1. On a 0 to 90 degree scale, rounded to 10, what angle separates helix 95-107 from the longest Cα axis of the chain?
2. What does the charge add up to near Cys54, with Lys and Arg as +1, Asp and Glu as -1, over the other residues with Cβ less than 10 Å from its Cβ?
3. From the helices alone, meaning DSSP H stretches of at least four residues, give me the mean residue ellipticity at 222 nm for the chain, per-run term -39500 (n - 2.57), in deg cm²/dmol to the nearest 500.
4. Using a probe radius of 1.4 Å on heavy atoms only, what accessible surface per residue do you get for the chain? Whole Å² is fine.
5. For the chain, what is the number of Lys pairs with C-alpha distance below 15 angstrom, counting only pairs 8 or more positions apart or on separate chains?
6. At 0.36 nm per residue, minus the direct Cα-Cα distance, what do Ser59 and Lys168 gain on full extension? Give it in nm, one decimal, please.
7. How far apart, in nm, are two points set 7 Å out from the Cα along the Cα-to-Cβ line at Lys109 and at Ala153?
8. Answer with a single label: of [x] 1.06; [y] 0.99; [z] 2.03, which was calculated as Cα Rg over 2.2 N^0.38 Å from the structure in view?
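The values are calculated or read from the model by the stated rules, or taken from the named source; none is laboratory data. These figures come from a predicted structure and were not determined experimentally. We place every Cβ from the backbone using ideal geometry, glycine too, and count neighbours over all the protein chains shown. Just the protein is used for accessible areas: all its heavy atoms, side chains included, with ligands, DNA and RNA removed. Shrake-Rupley method; radii C 1.70, N 1.55, O 1.52, S 1.80 Å.
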Amino acid sequence: MGKTAKRPYWLRRPRNLVIAAGAAVVVVALAMWLVVTPHSEPSRARIYLAFTACLLTDSRGTAGEAAPVWAGMQKASLTTHAKVQFLAAYGPQTEANAVPYVNTLAQRKCNVILAADKTSVDAVASNAHRFPRTTFVVVGSQAAQSNVVVVNASHDQIPAAVEGVIKKAVAG
């Protein structure tokens, strides 16, 4: 009888051979997956405060008279992490039509409600007293009430003025 070459211990049993082959396949597959899978950049998600500033606009949205106010709100959001949003009042541009939109923003628990165009400012001026815990900001009006802040600034200075009001409200 001739001598046969001795196989390594782990290859002496067929079951061990299958396990070794399976492990090798898993290692190769994992290595290929790590090389081929694109690596994503870290998340850029922002964590916001439990504070919301809301802008009531006419049907044009953040264009027109509301544009500098919206710009100031966005800048304030970047520095304070307050949430900002807007709601456009559709339909006839009258104070009576804008009042339900003011109520909606107040019921959404907006901490600060801003208004820039005439109908929105008029709706805020006539209804701010109904929401004493909400701060209202109106642009270019004399609607002085205890919870209404009036911003009288030139078009170019409105964003900075709005940003300042929101920062002050966030700070408490």
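1. Roughly 40 degrees, rounded to the nearest 10.
2. Residues close to Cys54 contribute a combined charge of +3.
3. Using -39500 (n - 2.57) per qualifying helix, the result is -14000 deg cm²/dmol.
4. 64 Å²
5. 6
6. 36.4 nm
7. 2.9 nm
8. It is the one labelled [z].
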